[in-house]
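Taken together, the values in this text are just the output of simple stated rules run on the coordinates, not laboratory data. Just so we're clear, the structure is a prediction, and the values are computed from it rather than from any experiment. Heads up, the Cβs are rebuilt from the backbone with ideal geometry, glycines too, and the neighbour counts pull from every protein chain shown.
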Amino acid sequence: MLSYRHSYHAGNFADVLKHIVLVEILEHLCKKDAGFDYIDTHSGAGLFNLKSAHAKKLEEHSNGIAKLEASDFPELERYFDVINDINKEAGADRRELSFYPGSPSFAKHYLRRQDRGWLFELHPEDFKTLSKNTERQRKIRVSKEDGLKGLLGLVPPASRRAVVLVDPSYEVKTEYDQVVTAIKNAHKKFPSGTYAVWYPMINRNKINEFERQFVHSGIRNIQRFELGLSADDNDERGMTSSGMIVINPPWTLHKKMSELLPKLTKTLAGDEGVYKCDVLVDE
Ligand SMILES: C[S@@+](CC[C@H](N)C(=O)[O-])C[C@H]1O[C@@H](n2cnc3c(N)ncnc32)[C@H](O)[C@@H]1O
């Protein structure tokens with residue numbers, strides 16, 4: 001039973017970090033003419049209306065994207081370009097932020113004729129919306145299947161260049177182990193792919209164990225980026241921080257994030273904010 005709906009959370013501080021990292025990876029892949037594959041194991045609906053009843057219920061974007069001024073972050077020009085284009089395409093008022101792109105929309109913005117997108121979404125309604133949001137895109141295939149299983153069938157891709165985004169809601173605690181197993185199996189078949197895994201910081205011990213499993217997986221070249229609105233309190237009352245584990249990141253990513261994270265954290269969380277930017281396993 002899937003109860004999580006990303007439409008309640010779109011554009012929050014966790015989405016901001018996740019999509020900034022995703023844009024950096026996509027930018028890097030587009031530097032070469034050779035085609036690449038984008039595999040999104042947990043795609044969501046693809047595009048979110050920030051004025052919808054769901055978004056208005058928690059207003060999470062007010063602690064996320066709504067806090068950022070593009071003019072204060074010239075280094076995030078590409079990220080804001082996608083958001084602006086999406087709002088323009090959707091016919092939104094130019095002075096307002098009405099829509100926030102999901103990961104498939106960020107990818108759609110980057111995919112060229114020679115690239116392919118593979119999107120997985122299990123929730124029936126979000127699958128329907130995602131299919132509509134990506135219709136007439138012959139280079140994108142949307143499947144209502146388990147993304148972690150689907151991933152194994154897609155690697156290694158013919159292009160031999162790919163980014164895999166793994167962004168579950170972790171509604172079920174076993175999902176952490178399932179993610180590690182799926183990444184280990186995919187990496188065995190396709191060791192040169194870039195894998196970007198999102199995680200929520202609800203319980204620090206759980207995440208320490210999650211990271212430990214990556215560190216001891218035998219996989220090399222792993223970085224971790226984390227941003228929190230406050231320090232962890234380990235009481236499982238809600239998400240205080242979130243992070244991205246990136247395997248085979250673009251060589252520019254660590255420097256970019258180490259310069260960006262202090263400033264981004266300050267803007268999103270003031271003096272309470274915390275961040276991490278480190279190499280978990282060397283190349
Ligand atoms: C955190 S949301 C994804 C957000 C999206 N990646 C983004 O950045 O806009 C997680 C999504 O995964 C879907 N989901 C849960 N389990 C899944 C599975 N095993 N395979 C594919 N999708 C799944 C949920 O319905 C939900 O829409």
Exercise for review: List the GluC sites (Glu not before Pro) within region 114-212 that fall in a DSSP loop (any state other than H, G, I, E or B) and whose Cβ has at most 12 other Cβ atoms within 10 Å.
Suggested key: 135, 171
Review point. What pairs from 18/184; 57/263; 56/139; 56/149; 108/276; 51/132 go past 25 Å between their alpha carbons?
Key: 57/263; 56/139; 56/149; 108/276
Point to revise | Sum of side-chain charges, residue 53 neighbourhood, beta-carbon under 13 Å (Lys, Arg +1; Asp, Glu -1) | key: +3
Practice item. Find, among the chymotrypsin sites (Phe, Trp or Tyr not before Pro) in region 1-49, those assigned to loop by DSSP (not H, G, I, E, B) with at most 16 other beta-carbon atoms within 10 angstrom. Key: 4
Review point. What length, rounded to one decimal in nm, is gained on full extension from residue 85 through to residue 66, with 0.36 nm per residue of separation minus their alpha-carbon distance?
Key: 5.2 nm
Practice item. Compute the relative contact order of region 1-92 as a whole-number percentage, counting only Cα pairs closer than 8 Å that sit 6 or more residues apart in sequence. Key: 47
**Study point:** Estimated translational D of the chain in µm²/s (Stokes, Kirkwood radius over Cα pairs; 25 °C; 0.890 mPa s)
**Key:** 130
Revision key, fill the gap. Taking the dipole of region 77-135 about the Cα centre (Lys, Arg +1; Asp, Glu -1; charges at Cβ), the one of 87, 107, 97 that reaches farthest to the positive side is 107
Point to revise | residue 136 versus residue 279: modelled label distance in nm, points set 7 Å from Cα along the beta carbon direction | key: 4.7
Check your understanding: If R0 is 41 Å, what FRET efficiency do you get for residue 173 and residue 113 from their C-beta distance, rounded to 0.05?
Key -> 0.45
Revision key, fill the gap. The chain: relative contact order from alpha carbon pairs under 8 Å, six or more residues apart, as a whole percent, is 21
Revision key, fill the gap. Summed over the other residues with a beta carbon less than 12 angstrom from that of residue 143, with K and R at +1 and D and E at -1, the charge totals -1
Exercise for review: Quote the charge dipole size of the chain about the Cα centre in Debye, to the nearest 20; the model charges only the Cβ of Lys and Arg (+1) and of Asp and Glu (-1).
Suggested key: 1100
Check your understanding: the chain: longest stretch without exposed trypsin sites (Lys or Arg not before Pro) (DSSP loop, at most 10 other Cβ within 10 Å), sites themselves excluded?
Key -> 174-236
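Using the C-alpha gyration tensor of region 1-137, what are the square roots of 5 times its eigenvalues, in whole angstrom, with the largest one first?
One finds semi-axes of 22, 20, 13 Å for region 1-137.
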